[in-house]
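Below you'll find the structure, written out as structure tokens, and then a few comments.
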Amino acid sequence: MVEADIYKRIPASRRMLAGLVLALSNFMVVLDLTIANVSVPHIAGNLGISADQGTWVITSYAVAEAICVPLTGWLAQRFGAVRIFIVAMAGFGLFSLLCGLSPTLGMLVACRIGQGVCGAPLMPMSQTLMLRVFEPEKRGRAMGLWAMTTLLGPAFGPILGGYISDNWSWHWIFFINLPVCALCVFAALALLRPIETERAQVPIDGVGLFLLIFWIGCLQVMLDIGRDHDWFDAPEIVALAICAGLGFLVFIIWELTEEHPVVDLRIFRHRGFSFGVAGLALCFGGYFASIVVIPQWLQTSLGYPAVDAGLVTAFTSVFALVMSQVAARLLGKVDARIMVSCAMLWLALMALWRATWTSGADFWTLAMPQLVQGFALPFFFIPLTTITLSAVEPNETASAAGLQNFLRTMATAVATSLVLTVWGDGQRVARSELASKLNPDDVQRMLANSGVSYEQGRLLISNMVEQEAIALAVDHTFMLTAIILVVSAIVIWFSPKPKGPVDTSAAH
């Protein structure tokens, strides 16, 4: 809970400025989750790596952020929310600089991990401090501003990343963070120190943290490199799978018996929370699949510049911003489960719409499902918080919110790896099927009659088959995500109907 008069420590003339700084910091962190998506082909080409390896830039950031989110509460209690915010912001700027200067994939991934570690506290801390800056009657409007930046970040990320990659260099998608970080650090030092939270000597679950890092690290490395090593035919993949499985089991046992666990797994005893976050993870993973696949397909196969690929991806947020106010007004008047399940089914319909795409699709054919999809997003994100947090005890709200954010971020990383594997396997299957039905001799004879040489004909046929195989694999991928989204819509009904108002001030 927020002290009733804590806001009085900041002069009224400075509160709006402090709120804007906090909203800007949240916008930057959310932006960085998607800004690199459309830049992956540029990064891969510049560093001399495959596009699959380039996606480590996305997953490394997401995994590091997910692991560190559960530590946010302990860090704030131990060192103070304002102090952690300032240090994390400075660290985020430092690692952004190092990301932009990285000459190799190894250094870039390591620095993205550093970005994720520093970025993890910024989103929840900005929300916590936002509530301390404003008087009670203005906190709802302040959280609306904060939520708006959460929606705008994914919208501007692909557009900004695409423009920078096409017109400047991929390095600048990280360099642009530096002035924002500097502004936020100096503004926080000048404005936020009066509302610092109280500090206390709180124990840390070191063993649980180690186990968390161990099993998630093994799992994510296995998912990222598995497709390049023929999965379980490679001994290193088998070893990683065993380590991830054993580490996960030991982690569960330890956390359930630890007095001060790093992740409070006891919260899963609440049916509403368990099925709510299960639906969240499934739906967010299915939703994020389009954010990963579409930009790469448009750039690597259809020849789209990065900025156009970013525009197609970002259209989702146009109607999401408009409908967010409608969703907020309906909350409490309509069963939250109806809102969430209808939104999930709407997202599934959009996935089915994408499953009809062909390699000859024009810009608006690609953009329309993204645009229409935006209607559903606020009805998924906003009510789902009510479903999950209303199911837990009031003293468990902060832990439940942190665990929910952890699972959402992990779903992003896992979905990125899995969707690329499904897409890659689909390409190989489609290529084999197309080649088996193609009569190359007849095609080459027709091409030769048109003046095309034998070698040119072979290359032309190969490129056509490859392009169509990739398009068919995209359709197959979205068909599977549609199924996952329908399952998530069903899962949410295993949660009980939310009762009464929910204090979402701890949600992040």
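Where a number appears in this text, it was derived from the coordinates with a stated rule and is not lab data. Remember, it's a predicted structure, so these values are computed and weren't measured experimentally. Note that we place each Cβ from the backbone using ideal geometry, even for glycine, and neighbour counts take in every protein chain shown.
Extension gain, GLN456 to ARG78: 0.36 nm times the residue separation minus the Cα-Cα distance gives 129.3 nm.
Just from its helices, what would the mean residue ellipticity at 222 nm be for the chain, if runs of 4 or more DSSP H residues each count -39500 (n - 2.57) and the sum is divided by every residue, rounded to the nearest 500 deg cm²/dmol? Before the final figure, lay out the partial values.
Working: 21 runs with 387 residues, N = 508.
Counting only the DSSP helices, I get -26000 deg cm²/dmol.
Here the simple spin-label model places points 7 Å from the Cα toward Cβ, and for CYS342 and ILE242 these points are separated by 5.2 nm.
Subtracting the Cα-Cα distance from 0.36 nm times the residue separation, let me have the gained length for PHE232 to ARG266 in nm, one decimal. Working shown, then result.
Working: separation 34, 0.36 × 34 = 12.24 nm, distance 3.33 nm.
Gain on extension, PHE232 to ARG266, equals 8.9 nm.
Under the convention that each Lys and Arg Cβ holds +1 and each Asp and Glu Cβ holds -1, the size of the dipole of segment 1-204 around its Cα centre is about 600 debye. Cβ crowding within 10 Å, taken as a proxy for footprinting-reagent exposure, orders GLU196, GLU259, GLU65 from fewest neighbours to most as GLU259, GLU196, GLU65. Listing THR149, THR34, THR388 from fewest to most neighbouring C-beta atoms within 10 Å gives THR149, THR34, THR388.
Spin-label pair ASN46-ASP362: with each label point 7 Å from Cα along the Cα-Cβ axis, the two points sit 3.4 nm from one another.
By the Cβ distance rule (another cysteine Cβ under 4.7 Å), the unpaired cysteines of the chain are CYS68, CYS118, CYS181, CYS184, CYS283, CYS342. Among TYR163, TYR304, TYR61, a tally of other beta-carbon atoms within 10 Å of each Cβ gives an order, fewest to most, of TYR163, TYR304, TYR61.
Once the C-beta distance of THR104 and ASP425 is scaled by a Förster radius of 25 Å, the resulting FRET efficiency is 0.30 to the nearest 0.05. The relative contact order of the chain, computed from alpha carbon pairs under 8 Å that lie at least 6 residues apart in sequence, is 21 percent. Straight Cα distances below 17 angstrom link LYS497 to the aspartates and glutamates ASP335, GLU393, with same-chain residues fewer than 8 positions distant left out.
So for segment 1-128, averaging the separation of alpha carbon pairs under 8 Å that are six or more residues apart and normalising by length, what relative contact order in percent results?
Working: 119 pairs, mean separation 41.5, N = 128.
Dividing the mean separation by the residue count of segment 1-128 yields 32 percent.
Here the gap between ARG193 and MET464, fully extended at 0.36 nm per residue and compared with their Cα-Cα distance, gives a gain of 91.4 nm. Here the chain is treated with +1 on each Lys and Arg Cβ and -1 on each Asp and Glu Cβ, and its dipole about the Cα centre works out to around 1600 debye. Each other residue within a Cβ distance under 13 Å of LEU302 adds +1 if Lys or Arg and -1 if Asp or Glu, for a net charge of -4. Packing order of peptides 222-228, 66-72, 188-194, highest average first: 66-72, 222-228, 188-194 (average count of other Cβ atoms within 10 Å over each peptide's residues). Under the simplified labelling scheme, the LYS437-LEU17 pair shows an inter-label distance of 6.6 nm, with each label point 7 Å from Cα along Cα→Cβ.
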